[in-house]
Structure formats: C-alpha cells, structure tokens
Amino acid sequence: MVNTIYYLASCDTCRKIIKSLPNSDRLQFHDIRQNPITEQELDAMYQLSGSYEALFSKKAQLYKSLDLKSKTLTEADYRKYLLEHYTFLSRPVFILDGKIYIGNSQKNILEVIKALQ
C-alpha cells in the first residue's frame, strides 16, 4: 500500500499539517472532496484501525444537523455515513508503512512526522 494522506484541501487544519510534514513528497495526496473514498479504501482503513467508529468524526456539522448523537450507531451505520459524505471522515488520515494515523491530535501528528523522517 502506498503511503497516503486522506485530507480535505479546503481544511485549514489539514493545510497547516501538510506544510509541517517532512518528506511530504513521499506521500500520495488524496483530497476526499475531489476524489471520494471508495468502499475498498474505507475497508482497508478499517482493517488497520479495527473500527469504522475510529475513522468517524463526531465534530462534523452534518453529525450535529442529522442529530446522530441521539442515535445508537452501529459499525455498519458508521461505514454507511463515511461512504455517503466526506465530512464524516476524521481528518487527516495517514497510512504510512502499513500503519494508520487518524485525526489531527498533536500526539498523532508528532507520530506521523517521526514516521516520515
């Protein structure tokens, strides 16, 4: 699997993170708005993360507007929503040397930077 970053080009946080990356030329950039995630890509992320919920962003505006917080979502529900709309993916997602890094926590980004050096 190619080292890939799944991100949103219009996201300020994603752009800031990308600027801070060493050796970013070794990454394949995948803008999830321009090129939606396929079932195969999502299932590969699931294999690495162990859960669709781990990939799911509960900060998304759509999460609030659909009132998903009040529903009990299953792994199948998380998968369905992730495939339906790109905003549900917790961004950015890095796949580096067979390991997955999900989200923009400082700890996560420091691990990504270390892995890219």
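The values are calculated or read from the model by the stated rules, or taken from the named source; none is laboratory data. The model shown is predicted, which means the values in this text are computed figures rather than measured ones. Note that each Cβ is placed from the backbone with ideal geometry, even for glycine, and that neighbours are counted across all protein chains shown. For the accessible areas, the whole protein counts, side chains as well, though only heavy atoms, and no ligand, DNA or RNA atoms are used. Shrake-Rupley method; radii C 1.70, N 1.55, O 1.52, S 1.80 Å.
Below is a table of values for the structure above.
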{"read-out": "T38-K99 pseudo-label distance in nm [points 7 Å out on the Cα-to-Cβ vector]", "value": "2.7 nm"}
{"read-out": "Virtual spin-label span in nm between A9 and A115, 7 Å along Cα→Cβ", "value": "2.4 nm"}
{"read-out": "Cα pair distances exceeding 19 angstrom across the stretch 20-101, given as percent", "value": "38 percent"}
{"read-out": "Mean separation of Cα contacts under 8 Å, 6 or more apart, over the residue count of the chain: relative contact order %", "value": "36 percent"}
{"read-out": "Computed lengthening from A54 to K107, 0.36 nm per intervening residue step minus Cα-Cα distance", "value": "17.5 nm"}
{"read-out": "Selection from Q34, L83, I17 lying farthest towards where the dipole of the chain points positive, charges on Cβ", "value": "I17"}
{"read-out": "Solvent-accessible area per residue for the chain (1.4 angstrom probe, square angstrom)", "value": "58 Å²"}
{"read-out": "Accessible carbon and sulfur surface of the stretch 1-68 relative to its total accessible area, %, 1.4 Å", "value": "47 percent"}
